Amino acid sequence: EEEEGLRSATSEDADLISKMVKAEKMNPLFLDTENFVVAESDGEVIGIGQIRNNNGYYELASLVVEKECRGQGVGTAIVAELLERHKAKFEKEEVPAVLLLTLKGTTKFYAQLGFLELPISMAPMALQMEAGAGGLVSKMVTGQDLVAMKYSFQSSVELSCEKSGTILKKVTKDK
């Protein structure tokens, strides 16, 4: 049922997830396996990622693909699956946007997936605090700045178009 070996993480994946995240010098906290999607190839985990609720906003985090498997669409598949699952949780209501913090050098990857850069000052406070704490570390470790990005689901845009359409029709009828 799950395409290309994408599956929900289980508690058995917890140690591996933690190891993969630490190997990439990412935030080792908040690694709840319930939020993770795992990519497998030949029974080996080759990629992980999660969308987690971070004090009331949703954050795409802990996206790691094993070095030898990068550039083959694994990360893209994981993000697409996570966004799909996130959207499915909010069937009837508006889907909350998903935010992320990433290194300047990886913004292009996320931009191709529909994420837009967001000034950190406009991000939720919890993300700003994370950026403040993580920014110094990432600058020291990688020499790169952290960038906030945001993915907005289309439904809200469609709704506003429909609404304006209805109003226009009413006006025409009244004439």
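The values are calculated or read from the model by the stated rules, or taken from the named source; none is laboratory data. Just so it is clear, the structure is predicted and the values come from calculations on it, not from any experiment. Methodologically, a virtual Cβ is constructed for each residue, glycine included, from the backbone with ideal geometry; neighbour enumeration extends over all protein chains shown. The accessibility values were calculated without ligands, DNA or RNA, using every heavy atom of the protein model including side chains. Shrake-Rupley method; radii C 1.70, N 1.55, O 1.52, S 1.80 Å.
Some observations on this one:
- Flag if GLU91 is at pLDDT below 95 and not in a helix (DSSP H, G or I): yes
- Cross-chain or 6+ apart pairs with Cβ under 7 Å, region 6-22 first and under 12 Å from VAL64 (Cβ atoms), then open to solvent by 60 Å² or more (accessible area, probe 1.4 Å): SER18/PRO28; VAL21/PRO28; LYS22/PRO28
- The criterion of being free of Cβ contacts under 8 Å to residues at least 24 places away in the same chain and open to solvent by 60 Å² or more (accessible area, probe 1.4 Å) does not hold for GLY56.
- Residue ID - farthest from ALA77 (Cα to Cα), chosen from residues in region 28-45 that are surrounded by fewer than 15 Cβ atoms within 10 Å (Cβ to Cβ) and of a type in the set (Gly, Ala, Ser): GLY43
- Subset of region 84-106 (residues that are buried (at least 16 other Cβ atoms within 10 Å of the Cβ) and among the hydroxyl-bearing types (Ser, Thr, Tyr)): THR102
- Condition check for GLU81: surrounded by 15 or more Cβ atoms within 10 Å (Cβ to Cβ), assigned to a helix (DSSP H, G or I) and at pLDDT below 95: no
- Pairs with Cβ under 6 Å, 6+ apart, first in region 71-94 and within 18 Å of GLU44 (Cβ to Cβ), second assigned to a loop (DSSP other than H, G, I, E, B): none
- Whichever residue in region 110-130 is open to solvent by less than 60 Å² (accessible area, probe 1.4 Å) and assigned to a helix (DSSP H, G or I) and, among such residues, is farthest from ASN54 (Cα to Cα): ALA111
- ILE48 being touching a residue at least 60 places away in the same chain (Cβ under 8 Å), within 27 Å of ALA14 (Cβ to Cβ) and open to solvent by less than 20 Å² (accessible area, probe 1.4 Å): no
- Residue within region 61-68 that is of a type in the set (Lys, Arg), open to solvent by 20 Å² or more (accessible area, probe 1.4 Å), over 19 Å from ALA14 (Cβ atoms) and not in a loop (DSSP other than H, G, I, E, B) present: yes
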